[in-house]
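The values are calculated or read from the model by the stated rules, or taken from the named source; none is laboratory data. Quantities reported herein were computed from a predicted structural model and do not represent experimental measurements. Note: ideal-geometry Cβ built from the backbone for every residue, glycine included; neighbour counts use all protein chains shown.
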Amino acid sequence: MVNQFQRDALSTRLGIPMIYGIDSVHGHSTVYNATIFPHNIGLGATRDPELVKRIGAATALEARATGIPYLFAPCVAVCRDPRWGRCYESYSEDPEVVSSMTEIVTGLQGDIPSTSPKGVPYVGGKTKVAACAKHYVGDGGTVNGINENNTILSRHGLLSIHMPGYSASIIKGVSTVMVSYSSWNGDKMHGNRDLITGFLKGTLRFRGFVITDWEGLDRMTSPRHANYSNSILRGINAGIDMVIRYPIINTLHISDAFELIDDAVRRVLRVKFTMGLFENPLADETLVNHLGSHEHRELAREAVRKSLVLLKNTNSMLPLPKKGSKILVAGAHADNLGYQCGGWTIQWQGQSGNNATVGTTIMDAIMNTVDKQSSQVVYQENPDTKYLQSEGFSYAIVVVVVSGRPVVIEPYLKWIDGLVAAWLPGTEGQGVADVLFGNYGFSGKLSRTWFRSVDQLPMNVGDEHYDPLFPFGFGLTTEPTDDSN
């Protein structure tokens with residue numbers, strides 16, 4: 001498909017190759033059989049920039065295997081309120097953690113040469129892709145976590161909390177920056193000349209191109225698309241170089257914006273030349289076997305292991321024994337690959353079930369791990385008390401929370417022997433069982449504050465009134481066992 005689009009572009013009068021991009025926020029996740037890595041909230045818990053660099057390289061290879069050279073990733077949002085629906089796309093509430101995880105840019109694009117001028121985009125060959133830092137800026141700081149809403153914050157607060165991820169990405173040669181739907185102190189980001197042209201292109205000397213989010217200009221008005229020609233003019237004057245919506249408009253009086261359009265063309269062409277699209281516009285079909293490869297799935301499994309955070313472990317309940325137990329696995333998320341992967345998986349909101357893509361559910365992983373001769377594993381999605389009492393299970397409760405954010409759990413904590421935050425682990429659920437049963441130890445640390453109740457929100461590390469259930473950075477550790485029996 002992408003090759004055909006490209007051939008059509010090359011057949012036009014000037015023969016300029018198109019640039020085709022796709023969302024890939026946790027692997028090449030909209031493509032069947034691709035490796036789907038843990039979402040960013042889990043990767044933040046690993047505190048392992050080198051790991052995310054390897055994930056970036058694997059994602060780039062899988063994207064190139066399908067002929068796609070441009071990815072709308074990474075998300076460098078700093079989520080300050082877990083009520084935000086997209087909080088799972090954020091590495092952390094802490095800007096330092098987010099900045100450290102921009103090492104994924106070098107995985108996606110390649111290591112930028114030391115002689116490269118600051119702000120100039122870099123893509124290191126046919127196995128790398130153009131990356132996109134998003135969503136500029138302050139998308140994770142909106143009031144009450146409402147998506148596309150207003151971030152009310154001083155300039156110092158905006159620059160110190162929400163800007164460091166962009167500065168770090170630009171130093172690493174990120175090719176593009178995507179603008180946020182949100183507003184800053186009531187001013188729509190898609191029309192904010194001060195922050196796009198003044199700060200991003202001026203102060204940070206960014207030389208790649210700035211792209212809207214999907215229908216970002218449409219959403220500058222309510223109702224959407226009202227007075228659209230004015231929205232386009234505002235966006236161009238603000239410094240936007242590429243618009244994600246086509247067709248935009250056929251005629252527009254923009255004589256005052258020609259210089260800005262010329263600059264936008266230069267920026268887009270600069271990125272295309274940097275990507276090597278003029279020399280190699282079509283897919284390299286020799287890369288096809290990298291899609292969902294064993295090597296990449298093992299990398300994802302490693303990421304899952306390192307992302308797990310052990311929050312409670314009464315009487316050293318974990319790791320669990322592999323032998324001689326009768327284990328009940330319960331809950332809708334235990335045997336549902338779609339729930340396990342979360343949003344931006346095949347479809348933008350994700351989907352339920354085990355048929356959307358290829359992977360290992362947590363239930364299957366447990367079955368693969370326990371000793372089949374001496375242990376029995378039973379799955380019931382919603383077992384009742386009578387069932388629990390009649391089946392003779394080895395009685396202790398381990399809760400594995402599959403979620404895109406911390407959730408209210410304090411009221412139930414006294415009944416839980418072992419509590420594990422597994423976040424949204426992706427396709428390689430075997431990584432969960434690897435740690436539950438002691439092949440590897442728990443090592444993850446919370447990248448977000450785990451609150452007691454919703455009325456505490458927003459609450460972030462460093463706040464004056466900080467009374468979490470589990471603080472930022474918390475995580476119990478265990479040692480691997482030779483044979484957990």
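Considering only residues that are part of a loop (DSSP other than H, G, I, E, B) and either without any contact (Cβ under 8 Å) to a residue 12 or more places away in the chain or under 23 Å from Leu153 (Cα atoms) (or both), which ones fall in the range 173-216? Break it down stepwise before answering.
Going residue by residue through the range 173-216, those that are part of a loop (DSSP other than H, G, I, E, B) are 173-175, 180-182, 185-186, 192, 204-208, 212-216.
Once the filter is applied, which keeps residues that are part of a loop (DSSP other than H, G, I, E, B) and either without any contact (Cβ under 8 Å) to a residue 12 or more places away in the chain or under 23 Å from Leu153 (Cα atoms) (or both), the range 173-216 yields Ser180, Tyr181, Ser182, Asn185, Gly186, Asn192, Leu204, Thr212, Asp213, Gly216.
Inside the range 444-468, can you point out the residues that are under 23 Å from Pro319 (Cα atoms) and assigned to a loop (DSSP other than H, G, I, E, B)?
Initial filter on the range 444-468 (under 23 Å from Pro319 (Cα atoms)): 444-447, 450.
Gly444, Lys445, Leu446, Ser447 - these are the residues of the range 444-468 that are under 23 Å from Pro319 (Cα atoms) and assigned to a loop (DSSP other than H, G, I, E, B).
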**Complete:** The lone condition Thr221 fails out of (1) β-branched (Val, Ile, Thr); (2) surrounded by 14 or more Cβ atoms within 10 Å (Cβ to Cβ); (3) at pLDDT 95 or above is (3)
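Any residue at all in the range 359-381 that is touching a strand residue (DSSP E or B) at 6+ places or on another chain (Cβ under 8 Å), of a type outside the set (Phe, Trp, Tyr), closer than 16 Å to Asn33 by Cα and assigned by TED's automatic domain parsing to the domain that holds Asn315? Spell out the reasoning first.
Taking the range 359-381 as the starting set, the residues that turn out to be touching a strand residue (DSSP E or B) at 6+ places or on another chain (Cβ under 8 Å) are 359-360, 362-363, 366-368, 370, 375-381.
Now restrict to residues that are of a type outside the set (Phe, Trp, Tyr): 359-360, 362-363, 366-368, 370, 375-378, 380-381.
Subsequent filtering for residues that are closer than 16 Å to Asn33 by Cα retains 359-360.
Now narrow it down to the ones that are assigned by TED's automatic domain parsing to the domain that holds Asn315: 359-360.
Looking for residues that are touching a strand residue (DSSP E or B) at 6+ places or on another chain (Cβ under 8 Å), of a type outside the set (Phe, Trp, Tyr), closer than 16 Å to Asn33 by Cα and assigned by TED's automatic domain parsing to the domain that holds Asn315, one finds at least one in the range 359-381, hence yes.
Pick from Asp263, Asp335, Asp241: which is in contact with a Lys or Arg (Cβ under 7 Å, 6 or more places away or on another chain) and among the acidic types (Asp, Glu)? Even if it seems obvious, please write down each step before you answer.
Details: Asp263 fails: in contact with a Lys or Arg (Cβ under 7 Å, 6 or more places away or on another chain); Asp335 fails: in contact with a Lys or Arg (Cβ under 7 Å, 6 or more places away or on another chain).
Exactly one residue qualifies, and that residue is Asp241.
Residues of the range 295-312 being in contact with a Ser or Thr (Cβ under 7 Å, 6 or more places away or on another chain) and over 15 Å from Gly426 (Cβ atoms), which ones?
Going through the range 295-312, the residues in contact with a Ser or Thr (Cβ under 7 Å, 6 or more places away or on another chain) turn out to be 296-297, 300, 303, 306-307, 310.
Within the range 295-312, Leu310 is the sole residue that qualifies.
Could you list, in sequence order, all residues of the range 318-327 that are in contact with a strand residue (DSSP E or B) (Cβ under 6 Å, 6 or more places away or on another chain) and at pLDDT 95 or above? Give the derivation first.
Of the residues in the range 318-327, the ones in contact with a strand residue (DSSP E or B) (Cβ under 6 Å, 6 or more places away or on another chain) are 318, 326-327.
The one that is in contact with a strand residue (DSSP E or B) (Cβ under 6 Å, 6 or more places away or on another chain) and at pLDDT 95 or above: Leu318.
Could you please let me know if Arg13 is assigned to a loop (DSSP other than H, G, I, E, B) and more than 11 Å from the chain's Cα centre (by Cα)? Before the answer, list the steps.
Working: assigned to a loop (DSSP other than H, G, I, E, B): yes; more than 11 Å from the chain's Cα centre (by Cα): yes.
Spelling it out, Arg13 is indeed assigned to a loop (DSSP other than H, G, I, E, B) and more than 11 Å from the chain's Cα centre (by Cα).
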**Request:** Being loosely packed, with under 13 Cβ neighbours inside 10 Å and of a type outside the set (S, T, N, Q) is the filter here, so list the residues in the range 351-380 that pass it.
**Result:** Gly353, Lys372
**Asked** Would it be correct to say that Val420 is in a strand (DSSP E or B), in contact (Cβ under 8 Å) with a residue 60 or more places away in the chain and buried (at least 18 other Cβ atoms within 10 Å of the Cβ)?
**Response** yes
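For every residue, the table says whether it meets (1) of a type in the set (D, E, K, R); (2) touching a helix residue (DSSP H, G or I) at 6+ places or on another chain (Cβ under 7 Å); (3) in a helix (DSSP H, G or I); (4) at pLDDT below 95.
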{"position": "Ala356", "(1), (2), (3), (4)": "no, yes, no, yes"}
{"position": "Tyr387", "(1), (2), (3), (4)": "no, no, yes, yes"}
{"position": "Gly392", "(1), (2), (3), (4)": "no, no, no, yes"}
{"position": "Val400", "(1), (2), (3), (4)": "no, yes, no, no"}
{"position": "Gly404", "(1), (2), (3), (4)": "no, yes, no, no"}
{"position": "Pro411", "(1), (2), (3), (4)": "no, no, yes, no"}
{"position": "Pro425", "(1), (2), (3), (4)": "no, yes, no, no"}
{"position": "Gly431", "(1), (2), (3), (4)": "no, yes, yes, no"}
**Request:** Kindly indicate the residue of the range 286-313 that is in contact with a strand residue (DSSP E or B) (Cβ under 6 Å, 6 or more places away or on another chain) and charged (D, E, K, R) and also farthest from Lys126 (Cα to Cα) among those meeting that condition.
**Result:** Lys312
**Complete:** Within the range 276-293, residues surrounded by 14 or more Cβ atoms within 10 Å (Cβ to Cβ) and without any contact (Cβ under 8 Å) to a residue 24 or more places away in the chain come out as none
**Item:** Condition met for Asp335 (over 27 Å from Gly110 (Cβ atoms), of a type in the set (Asp, Glu) and assigned to a loop (DSSP other than H, G, I, E, B))
**Value:** yes
**Prompt:** Which residue out of Pro117, Pro113, Pro121 is crowded, with 24+ Cβ neighbours inside 10 Å, outside any helix (DSSP H, G or I), of a type outside the set (A, V, I, L, M, F, W, C) and assigned by TED's automatic domain parsing to the domain that holds Val25?
**Reply:** Pro121
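Conditions (1) buried (at least 23 other Cβ atoms within 10 Å of the Cβ); (2) farther than 30 Å from Ser114 by Cα; (3) not β-branched (Val, Ile, Thr), marked per residue:
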{"residue": "Leu159", "(1), (2), (3)": "no, no, yes"}
{"residue": "His162", "(1), (2), (3)": "yes, no, yes"}
{"residue": "Ile170", "(1), (2), (3)": "yes, no, no"}
{"residue": "Val174", "(1), (2), (3)": "yes, no, no"}
{"residue": "Val179", "(1), (2), (3)": "yes, no, no"}
